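The values are calculated or read from the model by the stated rules, or taken from the named source; none is laboratory data. Since we're looking at a predicted model, the values are computed, not measured. In this analysis, Cβ positions are derived from the backbone assuming ideal geometry, glycine residues included, and neighbour counts consider all displayed protein chains. Surface areas here come from the heavy atoms of the whole protein model, side chains and all, with no ligands, DNA or RNA. Shrake-Rupley method; radii C 1.70, N 1.55, O 1.52, S 1.80 Å.
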Amino acid sequence: MADVNDEFLGPLVGAVDQGTSSTRFLVFNSKTAELLSHHQVELKQQFPKEGWVEQDPDEILQSVYECIERTCEKLTELNIDISAIKAIGVSNQRETTVVWDKYTGEPLYNAVAAPVSPGPSVPVAVVSSDSADSAAVPSSVWLDLRTQGTVETLSKRIPGNNNFVKSKTGLPLSTYFSAVKLHWILENVRDVKQAVEEERALFGTIDSWLIWSLTGGPNGGVHCTDVTNASRTMLFNIHSLEWDIELCEFFEIPMTILPNIRSSSEIYGLMKISHSLKAGALEGVPLSGCLGDQSAALVGQMCFQDGQAKNTYGTGCFLLCNTGQKCVFSDHGLLTTVAYKLGRDKPVCYALEGSVAIAGAVVRWLRDNLGILESSEEIENLAKEAGTSYGCYFVPAFSGLYAPYWEPSARGIICGLTQFTNKQHIAFAALEAVCFQTREILDAMNKDCGIPLSHLQVDGGMTNNKILMQLQADILCIPVVKPSMPETTALGAAMAAGAAEGVGVWSLEPEDLSAVTMERFEPQINEEESEIRYATWKKAVQKSMGWATGESPANAGDPNIFCSVPLGFFIVTSMVMLIGARYISGIP
């Protein structure tokens with residue numbers, strides 16, 4: 001917390017950080033990037049049917065107003081003048097789709113999100129629009145059961161070997177992105193169809209919904225989005241930086257409902273009072289920054305050079321590597337996306353993105369399903385007690401393998417169990433699994449970019465685990481660098497807002513992060529040992545494949561297969577082991 005009596009307290013910048021599970025508003029000192037105050041509100045998710053995930057757009061909007069008002073109250077209590085807040089940025093969950101009435105401001109349907117964690121849903125094949133290049137396209141995402149049929153129908157319109165969608169968007173044709181969700185809404189929701197016919201409907205991702213609402217809504221609200229969020233809709237041409245007419249025709253989306261496309265750093269409009277919510281503490285403050293959450297973290301980590309990368313550790317991991325002004329298409333199952341465009345007249349920068357499906361989720365699995373942890377934080381102590389996995393390897397392919405394998409038939413296994421194996425070793429192996437998966441993504445990025453990383457910048461809740469961070473450095477054989485201020489996503493949105501033309505309180509230079517120190521984790525094992533452990537992990541991954549199809553793995557004849565066990569069976573046997581009833585031998 002800043003010394004509020006410091007006469008050099010600089011201009012302040014706020015950031016809305018709107019995620020799937022919560023909304024936050026944070027205020028930073030633009031001179032030092034120091035976090036001064038914040039407020040958070042938890043959000044509900046709705047599951048009307050299996051594989052359907054929705055949220056209430058009004059609840060999201062109300063949570064933003066509440067967070068802003070409460071944060072301003074906290075600043076006032078600290079004797080900080082809220083008039084010092086000169087700009088506000090928005091960082092948001094990506095791909096989530098909203099349609100609303102431009103005359104009433106009422107949502108016409110719930111916000112349609114994508115499943116973000118393993119649950120009752122299962123993987124679904126994603127249609128590659130280029131069978132000759134199928135290895136370059138992800139073939140598995142969390143299944144959105146609502147739009148699975150939509151993807152199958154749309155895919156039949158694409159001629160064979162026509163890389164139509166990916167070449168324009170950098171994305172595979174899948175249920176995950178906004179265009180498919182919007183197509184489904186237009187086909188299945190009568191109120192939306194009628195509103196489109198009557199030219200009342202507006203579409204946007206969460207950033208568009210918030211900016212339009214915060215700048216006046218029906219009374220002059222600004223309908224816009226930035227290039228990073230637009231690049232996740234599957235309607236945006238990442239080369240021309242415009243909505244693509246052919247894509248809109250393909251998905252049967254009327255272009256009249258789409259938001260205007262803006263850069264990530266410019267004044268979109270001014271904050272307006274919400275009389276219904278009695279909120280207006282920051283009336284007249286410019287909304288001047290907008291970035292999808294992963295791009296915001298990239299900016300917040302100051303990854304402005306080609307080849308710089310950041311990894312965000314949450315339920316899963318999102319790893320983005322800046323490829324500069326060059327749009328790089330992956331041959332190893334990664335996505336091509338827009339990283340940022342920090343000003344109307346500034347160049348656009350691109351990124352390669354890879355996702356680790358299971359990171360923090362594996363810790364929750366150990367806690368909630370096996371009961372070997374009382375809290376998620378306990379895993380660090382257990383792993384520290386073990387100091388090694390003792391030859392135990394954990395592949396948390398709960399619903400298939402993501403990049404670079406894209407194998408939906410894989411299932412989780414724990415390999416190398418012996419009579420000596422205990423919960424400490426399993427905890428250690430779980431943390432190693434997160435690190436091995438990250439290395440696989442980084443290896444793919446290095447091959448696509450041709451520039452091996454010299455270090456990896458990290459953020460997210462799991463980075464508080466020092467054992468995990470040290471393991472990551474050991475397995476990557478490069479340093480891992482963690483900022484002392486963990487709120488890099490919100491910081492990135494604040495930096496973009498403060499740097500906008502007409503605001504000019506943030507220069508986006510390294511010295512602007514003077515209050516953010518870095519903790520550096522250097523590799524502590526030799527490269528040969530790291531490679532041996534990584535090669536063994538690769539063997540474990542191969543053993544995980546084929547479970548869901550009922551087919552034997554390719555190496556079924558390998559006697560070492562008896563060292564591995566599907567997780568469903570392991571749950572039962574391990575619980576028996578844990579209560580000490582007897583030792584389970586001969587695990588098949």
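Taken together, the residues in the stretch 284-336 that are under 21 Å from Glu440 (Cα atoms) and without any contact (Cβ under 8 Å) to a residue 24 or more places away in the chain amount to 0. Is there a residue being open to solvent by less than 20 Å² (accessible area, probe 1.4 Å), outside any loop (DSSP other than H, G, I, E, B) and closer than 25 Å to Arg200 by Cβ anywhere in the stretch 70-78? Looking for residues that are open to solvent by less than 20 Å² (accessible area, probe 1.4 Å), outside any loop (DSSP other than H, G, I, E, B) and closer than 25 Å to Arg200 by Cβ, one finds none in the stretch 70-78, hence no. Residues that are among the charged types (D, E, K, R) and farther than 20 Å from Val505 by Cα were ranked within the stretch 288-341; the one that is least open to solvent (accessible area, probe 1.4 Å) is Lys310. Of all the criteria given as (1) among the β-branched types (Val, Ile, Thr); (2) open to solvent by 20 Å² or more (accessible area, probe 1.4 Å); (3) touching a Leu at 6+ places or on another chain (Cβ under 8 Å), the one not satisfied by Thr228 is (2).
Residue selection: Ser208 satisfies the criterion of being under 30 Å from Ser274 (Cα atoms), at pLDDT 95 or above, open to solvent by less than 10 Å² (accessible area, probe 1.4 Å) and under 22 Å from the mean Cα position of the chain (by Cα).
Does Gly546 meet the test of being modelled with pLDDT of 80 or more and not in a helix (DSSP H, G or I)? Yes. Could you grab me the full set of residues in the stretch 83-115 that are surrounded by fewer than 19 Cβ atoms within 10 Å (Cβ to Cβ) and of a type in the set (Asp, Glu)? Across the stretch 83-115, the qualifying residues are Asp101, Glu106. Taking (1) crowded, with 19+ Cβ neighbours inside 10 Å; (2) modelled with pLDDT under 90; (3) closer than 18 Å to Gly333 by Cα in turn, Gln437 satisfies each apart from (2). Looking only at residues that are in a helix (DSSP H, G or I) and among the polar types (S, T, N, Q) in the stretch 174-191, which one is most open to solvent (accessible area, probe 1.4 Å)? Here the residue is Asn188. Quick check, is Gly450 of a type outside the set (D, E, K, R) and touching a residue at least 40 places away in the same chain (Cβ under 8 Å)? Judged against the criteria, Gly450 is not a match.
Restricted to the stretch 364-422, and to residues there that are free of Cβ contacts under 8 Å to residues at least 40 places away in the same chain and of a type in the set (S, T, N, Q), the residue that is nearest to Gln472 (Cα to Cα) is Asn381. Of all residues in the stretch 481-505, which are part of a loop (DSSP other than H, G, I, E, B), out of contact with any Lys or Arg (no Cβ under 8 Å at 6 or more places or on another chain), open to solvent by 10 Å² or more (accessible area, probe 1.4 Å) and in contact (Cβ under 8 Å) with a residue 40 or more places away in the chain? Scanning the stretch 481-505 gives Met485, Glu487, Ala499, Gly502.
Scanning the stretch 157-172 finds one or more residues that are surrounded by fewer than 15 Cβ atoms within 10 Å (Cβ to Cβ), of a type outside the set (Gly, Ala, Ser), free of Cβ contacts under 8 Å to residues at least 24 places away in the same chain and over 20 Å from Ala351 (Cα atoms). Taken over the stretch 45-55, the criterion of being open to solvent by less than 50 Å² (accessible area, probe 1.4 Å), out of contact with any Leu (no Cβ under 6 Å at 6 or more places or on another chain) and part of a loop (DSSP other than H, G, I, E, B) is satisfied by Trp52 alone.
For the stretch 449-468, a residue qualifies if it is within 19 Å of the chain's Cα centre (by Cα) and not β-branched (Val, Ile, Thr), and the qualifying residues are Leu456, Gln457, Asp459, Gly460, Gly461, Met462, Asn464. Return yes or no: is Gly280 surrounded by fewer than 21 Cβ atoms within 10 Å (Cβ to Cβ) and out of contact with any Leu (no Cβ under 9 Å at 6 or more places or on another chain)? Against the criterion (surrounded by fewer than 21 Cβ atoms within 10 Å (Cβ to Cβ) and out of contact with any Leu (no Cβ under 9 Å at 6 or more places or on another chain)), Gly280 qualifies.
Within this structure, Val41 fails the test of being assigned to a strand (DSSP E or B), crowded, with 22+ Cβ neighbours inside 10 Å and in contact with a helix residue (DSSP H, G or I) (Cβ under 8 Å, 6 or more places away or on another chain). Tell me which residues, restricted to the stretch 364-400, are closer than 15 Å to Phe428 by Cβ, under 25 Å from the mean Cα position of the chain (by Cα) and open to solvent by less than 10 Å² (accessible area, probe 1.4 Å). The answer is Leu366, Ile379, Phe394, Val395, Pro396. Each residue in the stretch 337-363 was checked for being part of a loop (DSSP other than H, G, I, E, B) and free of Cβ contacts under 8 Å to residues at least 60 places away in the same chain, and 2 of them qualify. With the checklist (1) out of contact with any Lys or Arg (no Cβ under 9 Å at 6 or more places or on another chain); (2) open to solvent by less than 30 Å² (accessible area, probe 1.4 Å); (3) not hydroxyl-bearing (Ser, Thr, Tyr) in hand, flag the one item Val196 doesn't pass. Result: Val196 fails condition (2) only.
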